[in-house]
Amino acid sequence: MRNPTLHELQHPGTSDDAHAHHHPFLQHHFEDLGQQHEASTLGMWFFVAQEILFFGGIFMAYSVYRHMYPEAWSAGAHHQNWKIGLFNTIVLIGSSLTMALAVWGAQGAKRKLTTVMLVLTLLLGMTFVGVKGFEYREHIHEGLFPGSHFTYVDHAHPELTRGVELFMVFYFTMTGLHALHMIIGAGLLIWFIKRAWRGDFGPEYYSPVEIMGLYWHFVDIVWIFLFPLLYLIH
Amino acid sequence: MTSTTIDDAPFIEPSATAKRNYLNDEYGVLSWLLTRDHKRIAILYAISVTIFFFVGGIFAFLMRLELLTPEGDLFTSDTYNKLFTLHGIVMIFFFLIPAIPAVIGNFILPIMLGAKDLAFPKLNLMSWYIYIIGGTFGVIVIITGGVDTGWTFYTPFSTQYSNTHVFLTTLGAFITGFSSILTGLNFLVTIHRMRAPGLTWFRLPLFVWSIYATSVVIMLATPVLAITLVLLMVERVLHVGIFDPALGGDPVLYQHMFWFYSHPAVYIMILPGMAVISECVAAFTRKKIFGYKFVAFSSLAIAFLGFLVWAHHLFIAGISIYSAMIFSFLTMLVAVPSAIKVFNWTATLYKASVSWQTPMLYVLGFIGLFTIGGVTGLFLGALGIDVHVHDSYFVVAHFHYIMVGGTIMAYLAGIHYWWPKITGRMYPEWWARLSALLVFVGFNLTFFPQFLVGYVGMPRRYHAYAPEFQVLNVLSTAGATILAAGYILPMIYLGWSLKFGRKAGPNPWGAVGLEWATSSPPPKENFHETPTVTWEAYDYPAFLKAMRETQDA
């Protein structure tokens with residue numbers, strides 16, 4: 001026989017056939033909710049693993065050029081406003097807290113708490129993206145957007161200009177991909193807010209909120225690496 | 001000669017419930033396009049990869065026609081550049097990578113595990129749609145004028161100089177990559193969490209081990225290609241210098257990042273082939289695979305070592321001699337687990353009463369051709385020889401021995417082996433054997449001359465060549481026509497068998513495995529009740545005994 005899953009050990013009774021088979025969110029191809037939960041959680045961990053490799057590639061390329069052009073990289077970082085970056089970091093860590101509380105709320109069938117926490121997570125996430133957009137606008141005004149719009153010249157060290165442009169390529173690509181992940185997360189949050197308010201989640205079925213949390217925390221952690229690499233190291 | 005050389009398994013089709021199967025459960029176009037049944041999704045993939053296979057094949061055939069004469073008389077060099085680029089892109093991204101996992105794996109894997117479906121059926125359907133969207137970009141590129149960078153998209157040519165549809169093509173490859181990532185993820189979770197009671201890791205068919213290893217590589221390598229292509233698209237659109245040396249970038253970094261995916265991708269293409277071969281060897285020798293655990297772990301070893309050899313594509317790109325030596329050594333290492341597989345299959349064949357059905361003919365072809373491809377891979381992994389034959393037809397012949405002689409042979413073996421399970425009908429054995437023979441002869445005639453012509457110095461990717469190479473090129477083109485016949489023939493007789501083929505019982509080969517414990521074609525949820533596994537992998541007596549007991553009960 002199959003060993004009891006972690007979920008079954010923690011929540012005895014959930015794999016009881018008569019009970020579980022009637023749960024409206026049990027998909028037909030799973031034996032019980034425990035198996036379904038384990039599968040979705042593992043799926044999200046694997047997804048995070050491939051995300052790490054995805055971001056890993058660009059972090060690697062960043063490191064190569066940082067090593068190649070240390071002065072230009074330092075000059076590029078000086079164009080970032082670390083105070084705004086710090087503000088955004090705090091916003092994002094706050095959203096991780098509310099996300100974790102939402103998972104806790106869903107496990108305990110606290111419908112209102114879960115919904116409120118998911119709404120807060122969404123608002124904090126959108127604040128982050130909004131602030132990021134403001135920063136982008138400033139950079140574009142300064143002529144720092146790479147390509148034909150790049151009008152910036154480093155007057156003190158004109159030879160660094162090309163390297164600063166390359167830094168800005170990495171800045172926009174890395175933060176842009178990160179923001180894209182935030183926006184996708186926000187879309188999912190809107191859907192889960194609706195489901196949480198409807199009362200879909202409880203101690204037997206909270207997998208969507210939990211794996212949403214895994215995703216959200218992962219995206220936060222990416223920022224925790226981006227912030228020092230792009231703003232702080234000079 | 002018919003397939004009756006093997007007895008049908010000693011149990012009879014049960015009751016009328018078996019008459020309902022995944023094919024006749026629902027009707028209508030939408031019941032296919034919106035299906036979440038892994039078996040129907042496998043059929044969707046089968047149709048789409050077959051179309052791409054013939055599209056890629058047409059490009060190859062046009063190239064072979066051009067190479068019939070030394071002069072570049074049929075196509076301009078620009079057109080020829082597009083032909084080999086499109087051939088590579090279509091065959092690799094839209095045929096070889098999805099072929100065995102998404103068609104055979106999708107259909108058979110959940111049944112082998114005793115599961116009702118993959119862990120994420122909607123995601124599985126979504127993967128197919130992502131593949132189709134990526135493929136649509138590919139088709140748009142083909143129709144609107146093509147792309148000429150080679151399938152490797154080397155910078156700075158691809159980002160600064162090429163005037164063809166590089167952006168659309170890379171976008172298509174980027175999108176299709178997510179289709180394989182999600183399929184790999186789905187397989188991994190299914191293997192971890194959806195196994196039937198009693199089906200422990202070491203009772204798994206070797207197919208599952210190999211598909212597991214493939215999925216790990218897909219999941220960890222493909223995202224690196226994705227980010228590489230993102231950087232390439234950014235560079236091309238903005239005209240900045242990420243990989244362009246004139247603007248401060250590093251083209252060798254592009255090659256490192258590209259091959260960090262694309263070398264493991266070779267294993268994404270060959271490991272599923274090995275998966276099929278293990279199943280067929282066990283079925284047609286009626287024996288346990290010799291050294292089960294070694295074959296199982298060699299799949300994981302190939303997956304692991306496959307990540308450590310990428311820079312052997314860069315020996316003459318200006319990397320340091322020390323790193324070249326290390327990568328040369330690591331490349332030799334990856335031959336060890338591959339050789340373990342070949343030796344263990346051969347050892348299984350030793351003193352077995354082998355039945356020479358079509359899948360087994362393809363298996364023998366695979367073992368021989370994969371060995372030639374693998375050994376010439378060692379030539380190329382050796383630094384000195386690689387410098388000599390780099391970018392010559394020797395390289396072309398080498399990887400076609402692996403990709404065509406290996407993967408496509410295995411794909412055809414698998415399609416024939418599981419055809420009765422998928423369709424409920426037997427294919428006509430005589431015609432199938434004939435086409436297996438044509439494929440084998442045609443393949444060798446096409447590609448063996450390329451080893452010779454490459455070794456004496458014919459470079460790849462040119463539409464014209466020195467006159468002394470003509471004889472070997474004519475042989476190669478002649479072989480390609482035979483090979484084409486060998487590929488078209490199955491389309492005809494397999495199609496014929498859908499309606500006129502002899503009906504297959506649940507286990508026409510008398511093979512071991514859960515897929516042979518359900519009816520042909522299987523019911524929508526694969527089994528009428530969840531099976532319990534009591535036998536070790538490929539244990540014929542125990543499996544047949546368990547089947548008889550089920551029958552009695």
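The values are calculated or read from the model by the stated rules, or taken from the named source; none is laboratory data. Just so it is clear, the structure is predicted and the values come from calculations on it, not from any experiment. A quick note on method: Cβ atoms are made from the backbone with ideal geometry, for glycine too, and the neighbour counts reach across all protein chains shown.
Against the numbered list (1) assigned to a helix (DSSP H, G or I); (2) among the small types (G, A, S); (3) over 21 Å from B:F178 (Cβ atoms), B:G318 comes up short only at (1).
Taking the criterion of being crowded, with 19+ Cβ neighbours inside 10 Å and facing chain B (nearest Cβ under 7 Å), the residues of region A:55-64 that qualify are A:G57, A:I58, A:A61.
Here are some residues: A:I84, A:I93. Which one is assigned to a helix (DSSP H, G or I) and exposed (fewer than 15 other Cβ atoms within 10 Å of the Cβ)?
Being assigned to a helix (DSSP H, G or I) and exposed (fewer than 15 other Cβ atoms within 10 Å of the Cβ) holds for just one of A:I84, A:I93, which is A:I93.
Conditions (1) of a type in the set (A, V, I, L, M, F, W, C); (2) in contact (Cβ under 8 Å) with a residue 24 or more places away in the chain; (3) surrounded by 17 or more Cβ atoms within 10 Å (Cβ to Cβ); (4) under 21 Å from A:S63 (Cβ atoms), marked per residue:
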{"residue": "A:P158", "(1), (2), (3), (4)": "no, no, no, no"}
{"residue": "A:L166", "(1), (2), (3), (4)": "yes, yes, yes, yes"}
{"residue": "A:G185", "(1), (2), (3), (4)": "no, yes, yes, no"}
{"residue": "A:W197", "(1), (2), (3), (4)": "yes, yes, no, no"}
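Scanning region B:216-236 for residues that are within 9 Å of chain A (Cβ to nearest Cβ), closer than 16 Å to B:F157 by Cβ and not charged (D, E, K, R) yields a total of 2. What are the pairs, 6+ residues apart or on separate chains, where a residue within region B:193-213 that is of a type in the set (F, W, Y) has its Cβ under 6 Å from a residue that is at pLDDT 95 or above? Cβ pairs passing all conditions: B:F207/B:A275; B:F207/B:E279; B:W209/B:A296; B:W209/B:S299; B:Y212/B:I191. Within region B:178-215, being outside any helix (DSSP H, G or I), hydrophobic (A, V, I, L, M, F, W, C) and more than 10 Å from chain A (Cβ to nearest Cβ) holds for one residue alone: B:L204. Per the listing B:A226, B:A173, B:A213, the residue uniquely under 19 Å from B:F84 (Cα atoms), out of contact with any strand residue (DSSP E or B) (no Cβ under 9 Å at 6 or more places or on another chain) and aliphatic (A, V, I, L, M) is B:A173.
Taking the conditions exactly as written (assigned to a helix (DSSP H, G or I), modelled with pLDDT of 95 or more and either on the phi < 0 side of the Ramachandran plot or surrounded by 19 or more Cβ atoms within 10 Å (Cβ to Cβ) (or both)), does B:Y401 satisfy them or not?
Yes.
Going by the conditions given, is B:V512 buried (at least 21 other Cβ atoms within 10 Å of the Cβ) and either assigned to a helix (DSSP H, G or I) or hydrophobic (A, V, I, L, M, F, W, C) (or both)? So B:V512 fits the description; yes. Selection of first residues in region B:175-186 that are over 13 Å from B:G134 (Cβ atoms) and at pLDDT 95 or above and of second residues that are of a type outside the set (K, R) and surrounded by fewer than 24 Cβ atoms within 10 Å (Cβ to Cβ), restricted to Cβ pairs under 6 Å at least 6 apart or on distinct chains, gives the following pairs, ordered by first then second residue: B:G184/B:M219; B:L185/A:F46; B:L185/B:M219; B:N186/B:F120; B:N186/B:L123. For A:H67, the requirement of being away from chain B (no Cβ under 13 Å), more than 30 Å from B:R195 (Cβ to Cβ) and not hydrophobic (A, V, I, L, M, F, W, C) is not met. Among all residue pairs at least 6 apart or on different chains, which show Cβ distances below 7 Å where the first residue, located in region B:19-38, is hydrophobic (A, V, I, L, M, F, W, C) and the second is part of a loop (DSSP other than H, G, I, E, B)? Final answer for the pair search is B:L23/B:P521.
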